[in-house]
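The values are calculated or read from the model by the stated rules, or taken from the named source; none is laboratory data. Everything quoted here is computed from the prediction, not taken from an experiment. Methodologically, a virtual Cβ is constructed for each residue, glycine included, from the backbone with ideal geometry; neighbour enumeration extends over all protein chains shown. Just so you know, the surface numbers come from the protein's heavy atoms only, side chains and all, with ligands and any DNA or RNA stripped out. Shrake-Rupley method; radii C 1.70, N 1.55, O 1.52, S 1.80 Å.
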Amino acid sequence: QQQQQQQQQQQQNYPFHIDHQSKTVWGTVPFYSPRTPGHVVLRLYWADEPLYTLATGPTLFIQCSSNDVEPTLRFILSNFKSKHRNNTTSLSSLHSLASVLSKFAPDPNASSNQQQQHHHHNRHHNNYHDSNNRWDGAGRATWGCICESKKVLEACGTEYLKQKEKLEKIKEEVDDLEQQVLLLEEQQQQEEIGNTNDVNNGSSNKNTAQDDRGGTDNGQDGDEEENEPTLQETYRDKKNFYMKHMASNERRWKDSQMAFAAILKAILNNRSANLLLKQDLLVKLRLEYDLYCSFCEAFAPSPFAERGTSGDGNNNDDVTFVVVDSSKFPYPITEEHFRACAQSRMTMQVETLGFVPNEKLLQSIVMPTVEGGGGGGNHHLAHRNKNQAPTPSPNKPPKMDRDAVGTFNRLSQSMCQLYQEVYMT
C-alpha cells in the first residue's frame, strides 16, 4: 500500500503512463543536471528503489562555454573546500578540473580583439587590461583549484604512508608465518626419511617395536596433519590480505598522481592558458610537470626539496614523491632547473623500469628536418613540452628519413607475422 501511495504521489507530481503491452513508460520524470563537464549518462530508476536501473540514455559530453568557465571553476573550488569531502569526491573534482582546463577557449571575437589590442599595446594600454579583466575571476579560481588539488595530493600521500606503515607490520607477520611453514615442512621431510631408513634396515623384533613407535608417531603425525592446514591457511590468508591491500594502496596513490598530472597537462597544453595564469606560474607548473613519468604513473622527487621529507613535514626516507611547494622553486627558472628535474625523472625511471623511455614523437624520428616552435624568455619555458608535436620549418619542406621509415615498416611486418604465427593459430 505504501508503494502504491508513493507511485500515486509521483504520478500527481510527474505524471507517467506504463504500457504493459509494449513494455514502455511514457511521461515526465525529474533529473539532476550535471554541474561539471565530462561524460554523463542519464539513468532512469524508481525513487523508492534507486539501486535498480530501469533504463539508461545516450552518453552526453558536457562542455563549458566561455560564460560558464568561472562559475564552474568556483563550483569545483567549493567542492575542494567542502568539509565533508573524501578521497573519492576529491579525485572526481581533480578529473573535472582537468576537463575544464583542457577545453577552455575564449570566444573567437574576444580573442581577435585581444590580439589587436596586444599589437597596439602602447596605444591602448588601458583597453587591453580592461579586456583581460574578464578572466581575472576565472584565473583566481583556477589558481585556487590548483592549490587545493595539491592539498588533495598531499592528503593522499599522507594516507598512503600511513597505510604503508600498517602493511609493513602485516608483512613482518607474513614473513614469520612463512618461516614457520618452511620449518614445519623440513621437519616432516626429515621424519619421513628417518622412518623409511628404520623400516628398511631393522630386524623383525625391531620392526615390531618400530611398529609400536610408528603407531605413536602416526598419531602425532595425525595431530600435526590436523594443525598443519590451519597454519598454512593462516599464512595463505594473511599473505592474500597483504597483497590485496598493498596493491589497492599503490593503485590509489598512482591514481591521485595521474589525476594531478592530468591537470598540469591540461593547463600547459592549452594555448589560452595565459589568459588565466601568469607566465611565471605557468613556468613553475611546467617545471613541476617535467617530474612526471607516464610510464611509471608517478612523480619523481623534486630536486629543490629535501629528500626524505613528506608533505606533512615528517621525515620518511621511503617517500618516492615529495609534494612540490612552488615557493621552494628557484627564481628565475632557467634551463638548468629543467635539466635537474629531467635528471631526477630519469633516475626514477631507471630504478622503476630499468631503462629511460624515449618519449620522442614518431613524427620527429621519421622527419628529422622538422623543427619545434621557438620563443624567448618565460614564454618559451612555459610552453616547452617533451611530448609537444613539432612544427615544420617554413624554409625547408619536411623530408622523411628512408632508414627510419624502413625500420618501422619492418617492425610492422614482424608484428603482423608474430600475430599470425602465434595468436591466429
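Taking residue 76 as the residue in question, decide whether it is within 30 Å of residue 145 (Cα to Cα), modelled with pLDDT of 80 or more and touching a Cys at 6+ places or on another chain (Cβ under 6 Å). Criteria met by residue 76. Among residues of region 233-248 that are touching a residue at least 60 places away in the same chain (Cβ under 8 Å) and closer than 13 Å to residue 174 by Cα, none has a Cβ under 7 angstrom from a residue that is surrounded by fewer than 11 Cβ atoms within 10 Å (Cβ to Cβ) and among the aliphatic types (A, V, I, L, M) at a sequence gap of 6+ or on a separate chain.
The residue pairs whose first member lies in region 98-111 and is among the basic types (Lys, Arg), whose second member is at pLDDT below 90, and whose beta carbons are closer than 6 Å, counting only pairs six or more residues apart or on different chains, are 103/63.
For region 256-274, the set of residues classified as over 14 Å from residue 151 (Cα atoms) and among the β-branched types (Val, Ile, Thr) consists of 267 only. Remark: pairs (first residue in region 131-153, without any contact (Cβ under 8 Å) to a residue 40 or more places away in the chain; second residue open to solvent by 10 Å² or more (accessible area, probe 1.4 Å) and not aliphatic (A, V, I, L, M); Cβ separation under 7 Å; 6+ apart in sequence or on different chains) = 131/113; 131/114; 131/117. Identify the residue in region 160-205 that is of a type in the set (D, E, K, R) and farther than 23 Å from residue 239 by Cα and, among all such residues, is modelled with the lowest pLDDT. Looking at residues that are of a type in the set (D, E, K, R) and farther than 23 Å from residue 239 by Cα, I get 198.
Output the residue which, of all residues in region 24-45 that are over 24 Å from residue 103 (Cβ atoms) and not aromatic (Phe, Trp, Tyr), is most open to solvent (accessible area, probe 1.4 Å). Ranking the qualifying residues of region 24-45, first place goes to 43. On the stretch given as region 46-63, residues that are closer than 16 Å to residue 14 by Cβ and open to solvent by 80 Å² or more (accessible area, probe 1.4 Å) total 1. Scanning region 24-47 for residues that are assigned to a loop (DSSP other than H, G, I, E, B) and either at pLDDT 80 or above or in contact with a strand residue (DSSP E or B) (Cβ under 8 Å, 6 or more places away or on another chain) (or both) returns 28, 29, 31, 34, 36, 37, 45. Restricting 156, 145 to residues that are open to solvent by less than 20 Å² (accessible area, probe 1.4 Å), hydrophobic (A, V, I, L, M, F, W, C) and at pLDDT below 90 narrows the list to 156. Taking residue 264, is it of a type outside the set (S, T, N, Q) and in contact with a strand residue (DSSP E or B) (Cβ under 8 Å, 6 or more places away or on another chain)? For residue 264, the condition - of a type outside the set (S, T, N, Q) and in contact with a strand residue (DSSP E or B) (Cβ under 8 Å, 6 or more places away or on another chain) - is met.
The rows are residues; the columns are (1) under 22 Å from residue 261 (Cβ atoms); (2) at pLDDT below 75; (3) loosely packed, with under 15 Cβ neighbours inside 10 Å.
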site: 325; (1), (2), (3): yes, yes, yes
site: 337; (1), (2), (3): yes, no, no
site: 345; (1), (2), (3): yes, no, no
site: 371; (1), (2), (3): no, yes, no
site: 374; (1), (2), (3): no, yes, yes
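Checking the stated criteria, residue 241 turns out to be more than 18 Å from residue 342 (Cα to Cα) and open to solvent by 40 Å² or more (accessible area, probe 1.4 Å). If you go through region 250-272 and pick out every residue that is more than 12 Å from the chain's Cα centre (by Cα), in a helix (DSSP H, G or I) and either at pLDDT below 90 or among the polar types (S, T, N, Q) (or both), you end up with 1.
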